[in-house]
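For reference, the structure discussed in these notes is given below.
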């Protein structure tokens, strides 16, 4: 393969330190390697790892925003259990990514609607609803490939919609309203080409994942540690995801009931990233039905319900996989699930 | 300028640009010296008291669907004076409006038009609007939009099949020339109401072929020119089927000082159609515009001409949740229709939207008439489909959820359209 080596972009120290993710080896291949033919139906190590750079951060309403960019990526959209590959378009200059989180708890908000409007000298050059995506390095974020109008200064407005996901605990009543923030983006193709790109032929296709990005001022979409969750009863694995199950004596604030609260917290293997926007059903005791997608300040994003008389065990059955687009290495995982049994 | 192509180019840009130069370029292109359209009347009693009574005087297609005039201008005017208008202001405005009635026939060949007033305008008075008038200030109508609210005083809406007619009407009304269509104006709005910014003059068009003719180099429409030649709208389908529209009677305020009036919501919406055309096939577009059932049953051919006067959306409402779960999509029309029917099944909203290339961005001006503004709010809430996002994660806030992914609301305004008898700077009582 014809490779060209680029010097690491100098960049601004602040931005690089903030993102902490421009530190990979700078190797620029002429093109992306093909997608592996015999990928496992599970999480796998991708064919290449690209660096990204922080564009900036902003605040609006209840939300904090981070904006990053990288090379255009191939990714897979998910509708129901079907994946559709989006290839890199000829007009695409960057993969632009936004992350949304709560400044108080530093929890990533994985299930909002988000749009990006990119303007240059007041004129719109890009405006789209940007899909939630799941990547090994960041977990849930929002991303799209975008074409720009050459080197120059852009204004990127990140707009988030009010959440309809149930919110509980300290999140009750929060994230109701839409908000936006505008972040300056000085783009140049040479700076983009200075971002790292490492081919990983030795590990590609291995059942493993790239380490999460270590971003000092910005959280990744990591699920709470199992040890940090209250009253965990057990866990099970299906579709290559781990489902941690717990029961609380009473539900989190915001749910008006006095009975047992059953929660299920699914996460990716290796990196422990939250898996949002699923349908998860459960059966225990007299309860047999859908769990409610819920964002809680302590339990994190989870699936939960009030159960009047739980049995000795619970059967957990995910029926709709996470409706998030997938970066390479996640597109064959978390798509189909078998029922799981966990003792309570 | 006589060759067909340059004539079309001129006419295409004329209304959006406006002004004297556009009017003369427009006339040159038509090979005319002056505007020569049917003139109107000085007997206001021969005109409908309902300013929005357009249906009887515009074209209809072979199925009986109202065909809105091809060229339209919205003037969002601000009063020059603080506080209440004076009787002299009122007389001047009425003389200007009466002049417009004399200058152009009340039809698509002349100019149909209306003047409407914002809740902010009525705030200039000590008294409030009568309790029966449901027309609050504009507000956000979805969990994700952050529009600019239009709170200018007066909205003048001009419409004609002829670009020269709407431009001439605007020019005379604003006082930029003393006559239009060969008829001297007794007065203009100048000195009483004017455009406070360039943003307050908005224009558009609607009609088969007009969007396709204007799609090239337009921000929001893909470069490969995907808008079908026959389509009246950028998204590639007809809208406003007669059986799915309210009648003018249904939207008319029945009693009180504003009887024969109506309420008018106008949104300005940017369209971003790269993914609409680039990532979806025809069947998927049908599913998101109408319903998944329309796509499965192949009810829609081309731009939907074959639907006649009825979109058939009422047949798809009861099973919307099942369609969402099974096909992973819900249709725009089916979602909205859920809240757009009376108990007897009649439709509440009369939508009269048209397209725009203002600032070279593909946009939609969305006027909707209804007796009570709350009916519009309810239809928009149904169109948000929040209940369906809760039913299944496949339907997201703006993805797989009708056309919400492709439309960005930039402005919203609420307006009271008084009867003709009170069209000049009305008092609230």
Legend entry - Unmet criterion (only one of (1) surrounded by 24 or more Cβ atoms within 10 Å (Cβ to Cβ); (2) within 14 Å of chain A (Cβ to nearest Cβ); (3) not in a loop (DSSP other than H, G, I, E, B)) for residue B:359: (1)
Legend entry - Residues of the range A:231-260 satisfying the condition of being touching a strand residue (DSSP E or B) at 6+ places or on another chain (Cβ under 8 Å) and under 17 Å from residue A:165 (Cα atoms): A:251, A:252, A:253, A:254, A:255
Inset, instruction - Taking residue B:305 as the residue in question, decide whether it is at pLDDT 95 or above and touching a helix residue (DSSP H, G or I) at 6+ places or on another chain (Cβ under 9 Å). - result: no
Inset, instruction - Might you let me know whether the range B:70-79 holds any residue that is surrounded by fewer than 21 Cβ atoms within 10 Å (Cβ to Cβ) and part of a strand (DSSP E or B)? - result: yes
Inset, instruction - Would you mind finding the one in A:260, A:268, A:220, A:200 that is away from chain B (no Cβ under 14 Å), crowded, with 19+ Cβ neighbours inside 10 Å, touching a residue at least 40 places away in the same chain (Cβ under 8 Å) and more than 21 Å from residue A:108 (Cα to Cα)? - result: A:260
Inset, instruction - Just give me the residues in the range B:205-232 being surrounded by 15 or more Cβ atoms within 10 Å (Cβ to Cβ) and at positive phi, in sequence order. - result: B:207, B:220
Legend entry - Selection status of residue A:274, out of contact with any helix residue (DSSP H, G or I) (no Cβ under 8 Å at 6 or more places or on another chain), buried (at least 17 other Cβ atoms within 10 Å of the Cβ) and within 14 Å of chain B (Cβ to nearest Cβ): yes
Inset, instruction - Could you tell me whether any residue of the range B:189-198 is without any contact (Cβ under 8 Å) to a residue 60 or more places away in the chain, more than 14 Å from chain A (Cβ to nearest Cβ) and not in a loop (DSSP other than H, G, I, E, B)? - result: no
Inset, instruction - Give the residues of the range B:374-403 that are assigned to a loop (DSSP other than H, G, I, E, B), surrounded by fewer than 24 Cβ atoms within 10 Å (Cβ to Cβ) and under 22 Å from the mean Cα position of the chain (by Cα), sorted by residue number. - result: B:403
Inset, instruction - Mind counting the residues in the range A:75-112 that are within 14 Å of chain B (Cβ to nearest Cβ), in contact (Cβ under 8 Å) with a residue 40 or more places away in the chain and outside any strand (DSSP E or B)? - result: 10
Legend entry - Test set (1) touching a strand residue (DSSP E or B) at 6+ places or on another chain (Cβ under 8 Å); (2) more than 14 Å from chain A (Cβ to nearest Cβ) - residue B:346 fails condition number: (1)
Legend entry - Set A:63, A:131: member being under 23 Å from residue A:184 (Cα atoms), within 11 Å of chain B (Cβ to nearest Cβ) and in contact with a strand residue (DSSP E or B) (Cβ under 6 Å, 6 or more places away or on another chain): A:131
Inset, instruction - Identify all residues within the range B:380-400 that are more than 7 Å from chain A (Cβ to nearest Cβ) and in contact (Cβ under 8 Å) with a residue 40 or more places away in the chain; write none if there are none. - result: B:380, B:381, B:382, B:383, B:384, B:385, B:388, B:391, B:395
Inset, instruction - Can you run down the residue pairs with Cβ atoms below 9 Å, 6 or more apart or on separate chains, where the first is in the range B:169-183 and without any contact (Cβ under 8 Å) to a residue 12 or more places away in the chain and the partner is surrounded by fewer than 20 Cβ atoms within 10 Å (Cβ to Cβ)? - result: B:178/B:184
Legend entry - Residue list for the range B:54-69, filter: part of a loop (DSSP other than H, G, I, E, B) and touching a helix residue (DSSP H, G or I) at 6+ places or on another chain (Cβ under 6 Å): B:64, B:65
Legend entry - Matching entry among B:96, B:116, B:120 (being surrounded by 22 or more Cβ atoms within 10 Å (Cβ to Cβ), at pLDDT 95 or above and not in a strand (DSSP E or B)): B:96
Inset, instruction - Among the numbered conditions (1) within 14 Å of chain A (Cβ to nearest Cβ); (2) touching a helix residue (DSSP H, G or I) at 6+ places or on another chain (Cβ under 9 Å), tell me where residue B:147 comes up short. - result: (2)
Legend entry - Sole exception among (1) away from chain A (no Cβ under 14 Å); (2) within 22 Å of the chain's Cα centre (by Cα) for residue B:270, by number: (1)
Legend entry - Enumeration of residues in the range A:174-197 that are within 14 Å of chain B (Cβ to nearest Cβ) and not in a loop (DSSP other than H, G, I, E, B): A:179, A:180, A:181, A:182
Legend entry - Enumeration of residues in the range A:306-339 that are away from chain B (no Cβ under 14 Å), in a strand (DSSP E or B) and either farther than 15 Å from residue A:265 by Cβ or under 24 Å from the mean Cα position of the chain (by Cα) (or both): A:306, A:307, A:313, A:315, A:316, A:317, A:326, A:327
Inset, instruction - Residue by residue through the range B:24-46, note down the ones that are assigned to a helix (DSSP H, G or I), modelled with pLDDT under 95 and in contact with a helix residue (DSSP H, G or I) (Cβ under 9 Å, 6 or more places away or on another chain). - result: B:25, B:26, B:27, B:28, B:29, B:30
Inset, instruction - State all residues of the range A:147-162 that are within 11 Å of another protein chain (Cβ to nearest Cβ) and surrounded by 23 or more Cβ atoms within 10 Å (Cβ to Cβ); if no residue qualifies, say none. - result: A:159, A:160, A:161
Inset, instruction - Considering each residue of the range A:163-173, count those that are assigned to a loop (DSSP other than H, G, I, E, B) and either surrounded by 19 or more Cβ atoms within 10 Å (Cβ to Cβ) or at the interface with chain B (Cβ under 9 Å from one of its Cβ atoms) (or both), and give that number. - result: 3
Inset, instruction - Check whether at least one residue in the range A:107-119 is surrounded by fewer than 20 Cβ atoms within 10 Å (Cβ to Cβ), out of contact with any helix residue (DSSP H, G or I) (no Cβ under 9 Å at 6 or more places or on another chain) and modelled with pLDDT of 95 or more, and report yes or no. - result: yes
Inset, instruction - Determine whether the range A:288-296 contains at least one residue that is within 14 Å of chain B (Cβ to nearest Cβ), assigned to a loop (DSSP other than H, G, I, E, B) and surrounded by fewer than 24 Cβ atoms within 10 Å (Cβ to Cβ). - result: yes
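Okay, residues lined up against (1) closer than 29 Å to residue B:358 by Cα; (2) in contact with a helix residue (DSSP H, G or I) (Cβ under 7 Å, 6 or more places away or on another chain); (3) in contact (Cβ under 8 Å) with a residue 12 or more places away in the chain; (4) assigned to a loop (DSSP other than H, G, I, E, B):
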residue: B:225; (1), (2), (3), (4): yes, no, yes, yes
residue: B:230; (1), (2), (3), (4): yes, no, yes, yes
residue: B:234; (1), (2), (3), (4): yes, yes, yes, yes
residue: B:239; (1), (2), (3), (4): yes, no, yes, yes
residue: B:243; (1), (2), (3), (4): no, no, yes, no
residue: B:249; (1), (2), (3), (4): no, no, no, no
residue: B:265; (1), (2), (3), (4): yes, yes, yes, no
Inset, instruction - Quick one: which residue in B:300, B:251, B:286, B:227 is within 17 Å of the chain's Cα centre (by Cα) and away from every other protein chain (no Cβ under 14 Å)? - result: B:251
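The values are calculated or read from the model by the stated rules, or taken from the named source; none is laboratory data. Everything numeric here is computed off the predicted structure, so don't read it as measured data. As a convention, Cβ positions derive from the backbone with ideal geometry for all residues, glycine included, and neighbour counts pool all protein chains shown.
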